[in-house]
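Report on one structure; see the data block that follows.
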Amino acid sequence: MPPNTPARRVTSKGNTPAKTPRHVRWPSSRRIRVFAFDPSLSTQFEHAPMNEATITVPWEQDIRPDKDSYKTWNPASGKGESLGPGPVGEYLEVIDYDPASGLFYDPVNLNAPQLLAQDGLPPSEGNPQFHQQMVYAVAMRTIEAFERALGRKVLWAPRDDIKSKKPEDLFVRRLRIYPHALREANAYYSPHKKALLFGYFPASESNSTGTPGGIVFTCLSHDIIAHEVTHAILDGIRPEFQETTNLDVPAFHEAFSDIVALFQHFAMPEALRHQVKKTRGDLSAQNLLGELAHQFGTAAGGHGALRSAIGRYEDGIWKPNVPSQEDYARHTECHARGSVLVAAVFEAFLTIYRDRASRLIGLASNGSGRLPEGNLHPALVEALSETAAKVAGHVLNICIRALDYCAPVDITFGDYLRALITADRDSVPEDPRRYRLAFGEAFRRRGIFPTGVGSFAEDALVWNDPPDDAPSAELLRDIWYGWYDPDGTQSSTKYAGQILSRDRMHTFAHMLSNQDLVHSKWLKRDDVRNASDRLMGLALSKQAPATVYRAKDGYPDVEVCSFRPARRITQRGDSVTDIVLSLTQRRRGYFDPAVQEQADAGHIDFHKHPGDFEFLGGCTMLIEAATGRIRYSISKNILSVSRLRRQAEFFGAPGDGLRSMYFGRHLDEPFAFLHSHD
Amino acid sequence: MARKPPSTAATSVAQYPAGRFVPPPGGVSVRMYRQGFGDCFLIAVSAGQGVFYMVIDCGVIKKPAKDPDFLSKVVRNIREETGGRIDALVVTHEHWDHLSGFSSAKDEWEQFEPGSIREVWAAWTETADDPLAKELGQQRRKAMAFVQRAMQHFSDPDGATQSRVRSLSAFFGAAEAGEGRTLKALNYALSRAKHGGKDNVRYLKPHGEPLKVAGVEGVRFYVLGPPYDRNLLLKSNPKKGEVYHVANIGMSLHSALRAAELRAAGEDIWKGMSREDTDAYVASVPFDRDLWRTWDDVKGDPFFAPLYGPRHGTKSHPQHWRRIDDDWIGGAAGRLALKLDDHINNTSLVLAIEIVATGKVLLFVGDAQVGNWESWHKGEWTVPGKTTPVKATDLLQNTVFYKVGHHGSHNATHKPLGLEKMTDPGLVAVIPTDRQMAADKRWNDIPFEPLLAALHERTRGRTIRADRDFPAGTTKKPHKNLSAAEWKTFKTRTTVTPLYVQHDVPGLK
């Protein structure tokens, strides 16, 4: 399809011919029709009207070309094109190839006037172009949620399959999406291909909502798309979370992806109003908002949604979840453990929502709090829906922002709670709505206890301040702003001029060169090395145990794995930027404590006994960009004996199921929606 | 098998003349050969004044790099030591690491005179005469054929999933081209007992009476597994205990693979597919036919050509690293290969050899997995002349020699229903394993360290591995709770040579 003419006539700002009488800007968003949940609800009398939703995604313009990839760049104008067929945009490329069938399906062109005029194709299972449209729309909206919460561009994890160190080779501009990649009841994010692969499969014979044997497309499930794209985004932010060092790490990946998918339900106004009306505002009753992957769950022969944060079916009867202090310890399978975290976060949401809703209900019932029988007044439904959407947005923001407050390795749910509390206190110091209490309580009720914390009081849960005598980090500020002058000449860092560039490739290159500078300058300073243990939980001095991997210069090796901004607007309306700096270290671990001791002392030949496992340490520092002050230093100590022993125990235990035996502990595709041996 | 039970020592000498390899009086001696990751045991059982010779399995997962003909030497040693006679050749299950010698060392096996291999003992699952065995066998063949075809179809044979499926398939021999080399090896072994117009193969079912072996009075042979039960046979996962049906592949995948094979060969899929495949293929594509675009349709297209590229000769295509040609089939074949592998392990013939005079037991479990171990406890054995039936727990409690299942992996030794019941203070464990070979195949958890630790505790250091020279030359006690006397006894009873490790179990107290 050639670039469509109507869109052309309205040219972008700066590219406008002088004679054009007035400026008409590109729209800020694009409206696209999707299934609010999945196609199964569209065949139900009750749910059909609200299941066709129109969502808005950012309007993409000036899309840049990828190295060796599809050219949307227009050399004549020096500008990128608008969204291309596929869709192929700045963040995503949807390629509809079905390798099992050996067939390609033509790409949808969302800029075609026919589609621009009617918010894209109408929802349809039989039209692959609608499938392409829906994966694009839901994925874009998820990306937008992250950018809004973190105040920075989403970057995909860099390529891991090439030797080149050049940023332009490592950079992955677009996540690839294959809507019909697999013939199985699964979908996954492939960290090697930087791609989402969605499967399709015939529904089981005992399927309660659809046609037995009818085809179920995972790429038409809002929840599965949001879940998988979140895996990809999280992998870009915290690639080290692929290192399974305790059960919570993979469980966190799953839970976090479910959380993002769940809270996006609240941004579908029709669906939200419908469910608020149905439950009379009680969102802890069975409802679609708190459940995930409805069609997938029933098509696989189950009674209801695949996963739910609020309840489940037992012998065909829906029962609300009753939290227990054993929940956390009892579940040892990764998705099951993850569901404990999802339930905790959702409960925190419900507590906050209920508190706010009670005021509205009080108003609507003359203060009695008891609503009359029958349907709620439409205005009340509207008000309750707005409240739910607002709280859901807050909670999702907090959950996303907390990622910057986690150590880069070995996360536990307890750590995540501390990150949530700290992140929220940073943006809302007063907490008038008691959000933080709600989080603390919901986690405590499920037996998620942060280690080394005496109480669930806010003061105890927030991360500690760094030691008073922490070394100066002004250099980091200077590096960040490009003031640092490594050669003593006027030239600043190679990419300093690009710091404000809107090209994500420059953002990426800037990050890499800054990481190098932090590594070669700041981390090599004596005061930093000497304070590394107390400040960062790392071992950077020569006295470090011999088991800590060494660099060529004989000092312990350390990796700078991210150096990115986090922008937030405070309660008072100030815009504050922190630099998020993450460092990791590796150390040889041995199952036998006696051997470990020998190895630490350097009495072991590492060529002969390279270690039974790799022990990871790491630290995330939040540095005030304006002053260079280190605000938090959140670490997983590389020298911790107790953590080392725990990890030895974890690696010594049998993996989950047989796959781990033959295929090793690392799954080929660790981010599958369902793990294959489940 | 009706045979007149001979009752005098003179008969057993005539029936079971001793070769060079002689067990202690009334006892049993076992040789574990050291070919690597694989099983081959020669067992000498006292039969009055004579010796009853058994061989359990003959295989290795891959030829040892240093000595590719190692198994030929093993078979030669068996022939020389037994005087060229095997009274019972036991094949536990259809896996390459238990049978490869019947292929690679076939020349040596041919040296055995016709009739000198008197009987073959196999699990009931190997006979075509049993309806359940037949059904499971057909499912297995179908699944194997699928995995094998899938592997040949991989466009990138070096991909991570692909090479792992391949290494796993090495067990049941789907890895190499040509149909079923493992099955061929099994059939050869089964055929070797054919003489006197009879097959002389015993297909064994568990429980009931111990095996009747004429002329062997001082020793009883109990069959513990595989269970004659579909569900237990298919149960292999220690945690979830789920039951899998191996051949549940579906026509959709079959036809898709067929079409993919034809496309790869540059043929017209409509001409090449059978009627059944064609129907299944068309039905399995989820969209209307007017939406279909083949590679030929889109290869000149400005969208798919640069973004995806053609299948062949595409390593240089800049987007090659993001292609997904093998993912659908790799996932399906991988899951199937895993299930198949478990299932076959579970068909392992499990034997317990009891020395009547002492009550001590030698336990050979093949590669039995959870379902097999659990099933032992679901029945009992009646010994003629004894009033109380024998239970699996009794046999486990008296076990003094345990052949560790599946080369020391985590799911072939049952903890509560197995190892923890082996309470005899004299327990010795032997593991036919080779860490290096396992690592070459990327099975980094075999042998499984925590299991090794558990065995070390349970046997108080008396665990023998095929890939270690132990206890030869070891002067220090291997475990603090092992007495000096026990250590000395163990060392006296164990002989280590480069070819084998031998352990003797005495017949008298």
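Read-outs: derived from the displayed coordinates by stated rules, not from any lab. Because the structure is a prediction, the values reported are computed rather than measured. We place every Cβ from the backbone using ideal geometry, glycine too, and count neighbours over all the protein chains shown.
Here is how the numbers come out for the structure above:
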{"quantity": "Efficiency of FRET between B:K63 and A:D431 - r from beta-carbon atoms, R0 51 angstrom, step 0.05", "calculated": "0.15"}
{"quantity": "Volume per residue of the C-alpha convex hull in chain A, rounded to whole Å³", "calculated": "191"}
{"quantity": "Label point at A:E474 placed 7 Å out along Cα→Cβ; residues across the range A:561-599 whose backbone nitrogen lies under 13 Å", "calculated": "none"}
{"quantity": "Per-pair calculated FRET efficiency, R0 = 41 Å: A:A285 and A:N464 via Cβ, rounded to 0.05", "calculated": "0.50"}
{"quantity": "Likely footprinting exposure, A:V381, A:V395, B:V370, fewest C-beta neighbours within 10 Å first", "calculated": "A:V381, B:V370, A:V395"}
{"quantity": "Filtered GluC sites (Glu not before Pro), the range A:416-489: DSSP coil and at most 15 other beta carbons within 10 Å", "calculated": "A:E430"}
{"quantity": "Modelled FRET efficiency - R0 22 Å, B:N231 with B:K142, Cβ distances, 0.05 increments", "calculated": "0.65"}
{"quantity": "The range B:313-352: proportion of alpha-carbon pairs further apart than 14 angstrom, %", "calculated": "66"}
{"quantity": "Normalised per residue, the volume of the convex hull around the Cα set of the protein assembly as shown (Å³)", "calculated": "208"}
{"quantity": "Contour excess over end-to-end distance, with Cα ends at B:K415 and B:A357 and 0.36 nm allotted per residue", "calculated": "18.0 nm"}
{"quantity": "Alpha-carbon Rg/Rh ratio, for chain B, with Rh computed the Kirkwood way", "calculated": "1.03"}
{"quantity": "In order through the range B:363-380: 3J(HN,Hα) via Karplus (6.51 cos²θ - 1.76 cosθ + 1.60), integer Hz, x for Gly, Pro", "calculated": "10, 10, 9, x, 10, 3, 10, 2, x, 5, 4, 5, 5, 4, 7, 8, x, 8"}
{"quantity": "Debye, to nearest 20: dipole size of the protein assembly as shown, +1 on Lys, Arg Cβ, -1 on Asp, Glu Cβ", "calculated": "1160"}
{"quantity": "Distance in nm between pseudo-label sites at B:H479 and A:E597 (7 Å out along the Cβ direction from Cα)", "calculated": "2.4"}
{"quantity": "Amide hydrogen neighbours beyond the local backbone of A:D612, cut-off 5 Å, H modeled", "calculated": "A:G589, A:Y590, A:F591"}
{"quantity": "Over chain A: helical MRE at 222 nm, DSSP H runs n ≥ 4 each giving -39500 (n - 2.57), nearest 500", "calculated": "-10500 deg cm²/dmol"}
{"quantity": "Chain B: angle of helix B:484-493 to the longest principal axis, Cα-based, in degrees nearest 10", "calculated": "70"}
{"quantity": "Those GluC sites (Glu not before Pro) in the range A:342-409 that DSSP places in a loop and that have at most 11 other beta carbons within 10 Å", "calculated": "A:E373"}
{"quantity": "Helix B:181-191 vs. chain B, principal-axis angle (Cα, 0 to 90°, nearest 10)", "calculated": "40"}
{"quantity": "The range B:266-322-the range A:31-48 distance, computed between alpha-carbon centres (Å)", "calculated": "31"}
{"quantity": "C-alpha center-to-center spacing [the range A:257-301, the range B:451-486] in angstrom", "calculated": "59"}
{"quantity": "Whole-Å distance, taken between Cα centres, linking the range B:85-150 and the range A:369-412", "calculated": "63"}
{"quantity": "Principal axes of the range B:386-427: Cα extent on each, largest first, Å", "calculated": "38, 20, 15"}
{"quantity": "Separation of the A:L360 and A:E314 label points, Cα + 7 Å toward Cβ, nm", "calculated": "3.2"}
{"quantity": "Of B:K360/B:K480; B:K212/B:K378; A:K166/A:K524; B:K205/B:K378; A:K165/A:K542, pairs whose Cα-Cα distance is over 18 Å", "calculated": "B:K360/B:K480; B:K212/B:K378; A:K166/A:K524; A:K165/A:K542"}
